[in-house]
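Values quoted throughout were computed directly from the atomic coordinates according to the rules given, and no laboratory measurement underlies them. Remember, predicted model here, so these are calculated numbers, not experimental data. Note that we place each Cβ from the backbone using ideal geometry, even for glycine, and neighbour counts take in every protein chain shown.
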Amino acid sequence: MKQNASHEHELTISWDGPAIGLLDLDAFFASVEQLDHPEWRGKPVIVGGDADHRGVVSTASYEARRYGVHSAMPSAEAKRLCPQAIWTHGHFDRYRELSARIMSIVEQETPLVEQVSIDEAFFDVTPGRFSRESPVAICQRIQKRVSTLGITCSIGLGTNKTIAKIASEKEKPRGLTVVLPGSERAFLDPLPVRAMSGIGASAEAKLVAMGIHTLGQLAQADPKRLERIFGIMGPRMIIRASGREHSQVIEACAPEDRKSVSNERTFSHDLTARDEVEAAIDHIADMVARRLREKDLKGRTITLKLKFSYAEGRTAQCQTSQPTRDKRTIAQKARTLLQNLWAEGTPIRLLGIGVSSFDKGEPEQLDLFAAHDHDDEELRERLARTTDQVRARFGKQAISFGYDLRFTDKDAGNGHDQDS
C-alpha cells in the first residue's frame, strides 16, 4: 500500500501490533552535493573515486541513474555511461553533520532509533509504546520535516525490519510504502528472492537451482533442506520470507551508560574474500585503538560484529590477558573470533570491532614470560601516539597504512564511531 504525505485521509489508518519503519535518504551524498551546489541541481552528479585509479561509485544522483550508473559500479564504467556527469570525491564531514540532524528529527518522534548507516535508520513507532498516534502519520511527518532541510527520504513501514527494508525500496524517491498488519504475505509472496536483504547473487543462484524464485516459494520451502545448503541461515530465511520475523529496534545507549568503544563500517560492496575481511579488521582495529588512546582507556573484552544483511548478523567476544588498546592485539583477537563466525564466501556488508571491560586502575599482575610481549606493546603504543600527533597536525591522511588505502573506495561512508 503506497502512501503520499498529501493524502490527509490516510492519517487515520488504524494499526494493530508492531510498527517498524526504515528511513532511507534518497541518493544522500549526491543530494547533499546538489543542495550545497545549486548549479548542480537537475544535473547528473556522481560521488566516488577517480575513474583512472580503479575507484568506485559511492552514490549517483537520480539524473545519473537514468544513464545506468549505480552505487558500487567501477568509476571507469560510470564515466563511460555518463561522461557529462559532475564528479566529486565527497565531503563526508558535511554528510555526517546533515545525517545527525536528520536522525535527531527521527529521535524526536521515538527514542527507539537504530541507525544502520549514515543514510538509513530503523525506528519503532508501535502504537501505545511512546505515542498513540498512527504510525503512518508519524512517517509522513518525518518526511515533511526532513524535506525542510533540502533533501528527501523514502520510508518503508511494516511489522518487522525485513518488511520495512523491502518496502523502503519500492517507491523512490520520496516514497512511503506501507505494509499493513495482516498483509505481509500478499506483499512478500510475488517478490523475487533477491528482494530480501542478505540474499546475494550466490544465494539466489542456489535457490533458483532448487526451483525457488519468489519469496512466496521460499516461505513454503523445507527448513531442513535449506539448512543443509545454507546452515542456520536457511530456516531463518524462511521465517523472514514468510513475514514472521520478530524484530527489535536497538536504541543507542545514553552517554552516562557508555561502557565500550567501537567502530563499524558498512562497505560499498560486500566483502567475500578472506584477505579483504582481514584487511577490514586491521583497518577498523586501528581506528578503535586510536579512539581508546584519545580517551586514555584500555579494555579486556574484544567484540567482533558481522552483518550479512540488515536482519542477519553474528557477534562474538573474547578476553585478553591484560587490558589493551594495542591495535595489533585487538586485530589478532578479532581474527580469532572470525574463525567461528564466518565461512569464506559468505558476503559481509558490515564489520565492527568493540573494546570494553575497561581497566579502572587496578594493580596489574604481569606474567614473567610475557614481559617481552608487554614491552613490545608499550613500544607500539609510543609509535602509535607519535602517529596520532602527526595526523592531528597534518591531517588524517598524512600517514596511511596499506589496509587504510585498501578501503578508500570500498567504504560506503557509513562508518560509525560508537561509545556505548
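What to note about this one:
- Cα coordinate range in segment 221-360, projected on the principal axes (Å, largest first): 52, 35, 29
- Long-range HN-HN contacts of Ala316 with modeled amide H, under 5 Å: Leu304
- Residues Lys79, Lys295 in ascending order of nearby Cβ atoms (within 10 Å, fewest first): Lys295, Lys79.
- Note, ³J(HN,Hα) from phi for segment 44-55, Karplus 6.51, -1.76, 1.60, rounded to Hz, x at Gly and Pro: x, 10, 10, 9, x, x, 5, 5, 8, 10, 6, x
- Computed over the Cα atoms of segment 186-241, the ratio of the radius of gyration to the Kirkwood radius (Rg/Rh) comes to 0.91.
- For segment 178-294, the Kirkwood estimate of the hydrodynamic radius, built from every pair of different alpha carbons, is 17.3 Å.
- 5 Å-binned pair-distance histogram of segment 79-220 (Cα, whole percent): 2, 8, 15, 18, 16, 14, 12, 9, 5, 1, 0
- Rounded to whole numbers, the Karplus 3J(HN,Hα) couplings from phi for segment 325-335 are 9, 7, 5, 5, 5, 4, 5, 4, 5, 5, 5 Hz, using 6.51 cos²θ - 1.76 cosθ + 1.60 with θ = phi - 60°, and x at Gly and Pro.
- Taking the inverse of the mean reciprocal distance over all distinct Cα pairs, the Kirkwood hydrodynamic radius of segment 10-62 comes to 13.9 Å.
- Shown for Leu188, Leu337: other C-beta atoms within 10 Å of each C-beta, ranked fewest to most, produce the order Leu337, Leu188.
- The H on the amide N of Thr214, modeled in the peptide plane, is under 5 Å from the matching H of Val193, each at least 5 residues off or on a different chain.
- Less than 5 angstrom separates the built amide H of Asp50 from those of Gly55, all sequence-distant by 5 or more or on a different chain.
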